[in-house]
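As structure tokens, the structure follows; a few thoughts come after it.
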Amino acid sequence: MAPKPIEVAAALVFHEGRLLITQRPATGHLANLWEFPGGKREPGESFEECLKREIQEELAMVIETGELLSEVRHSYPEKTVHLQFFKCRWLAGGPKAIGCQAFEWITSNELDRFPFPAADAQLLAQLSNTPDWWA
């Protein structure tokens, strides 16, 4: 029997035509790759609650979660992840690199300049082809 996938919520925080991305820690799974901020869902927590908590902990930001834009299940050799990507609005605070190495606000033309985990490939294609999300 395969282990239960790790459930992860990720934020697509757009601000003034740019998207917030964060760099994973230098050690651990997928070290140094860039990703959309978020994290693992705790037992009894909704994906939206998880996202608000993780963004506060990792970036000292307050966000409002919006619509679910994409959902992906991806298997790495060592684990399977179930990701939900939500469009979010920045309300207050941060961003500060507390739980990540660095952060960047990027445009759609800069997406291919940053190495992302394989699980994000489908979403990256959607981001490149959906200019409405950036408005």
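Details
- Matching residues in the stretch 1-54 - criterion: being in a loop (DSSP other than H, G, I, E, B), within 19 Å of Phe85 (Cβ to Cβ) and more than 14 Å from the chain's Cα centre (by Cα): Pro5, Gly17, His29, Glu42, Glu45, Ser46
- Assessment of the stretch 32-54 against the conditions (touching a helix residue (DSSP H, G or I) at 6+ places or on another chain (Cβ under 8 Å), exposed (fewer than 14 other Cβ atoms within 10 Å of the Cβ) and of a type in the set (D, E, K, R)) yields at least one matching residue.
- On the stretch given as the stretch 55-69, residues that are surrounded by fewer than 19 Cβ atoms within 10 Å (Cβ to Cβ), under 25 Å from Gln126 (Cα atoms) and not charged (D, E, K, R) total 3.
- Single condition Ala102 does not satisfy, out of (1) touching a residue at least 60 places away in the same chain (Cβ under 8 Å); (2) touching a strand residue (DSSP E or B) at 6+ places or on another chain (Cβ under 8 Å); (3) surrounded by 13 or more Cβ atoms within 10 Å (Cβ to Cβ): (3)
- In the stretch 105-135, residue farthest from the chain's Cα centre (by Cα) [restricted to those that are more than 20 Å from His74 (Cβ to Cβ) and in contact (Cβ under 8 Å) with a residue 60 or more places away in the chain]: Ala135
- Among the residues of the stretch 83-98, those that are in contact (Cβ under 8 Å) with a residue 60 or more places away in the chain and surrounded by fewer than 17 Cβ atoms within 10 Å (Cβ to Cβ) comprise Lys87, Arg89, Ala97.
- Elements of type strands (runs of 3 or more DSSP E) in the stretch 55-106, at least 3 residues being of a type in the set (Asp, Glu) and under 21 Å from Trp133 (Cβ atoms): 61-75
- The C-beta contact set for the stretch 47-62 (first residue within 11 Å of Ala11 (Cα to Cα), second residue among the small types (Gly, Ala, Ser) and surrounded by 22 or more Cβ atoms within 10 Å (Cβ to Cβ), distance under 6 angstrom, 6+ apart or interchain) comprises Phe47/Ala9; Cys50/Ala9; Leu51/Ala9; Leu51/Ala11; Leu51/Gly38; Glu54/Gly38; Ile55/Ala11.
- Only one of Ala31, Ala60, Ala2 that is small (Gly, Ala, Ser), touching a Lys or Arg at 6+ places or on another chain (Cβ under 7 Å) and modelled with pLDDT under 95: Ala31
- Among the residues making up the stretch 107-125, those that are surrounded by 14 or more Cβ atoms within 10 Å (Cβ to Cβ) and assigned to a helix (DSSP H, G or I) are Ser108, Leu111, Ala119, Asp120, Gln122, Leu123, Leu124.
The values are calculated or read from the model by the stated rules, or taken from the named source; none is laboratory data. None of the values given here were measured: they were computed from a predicted structure. Here Cβ is always computed from backbone atoms with ideal geometry, including for glycine, and neighbour counts include all displayed protein chains.
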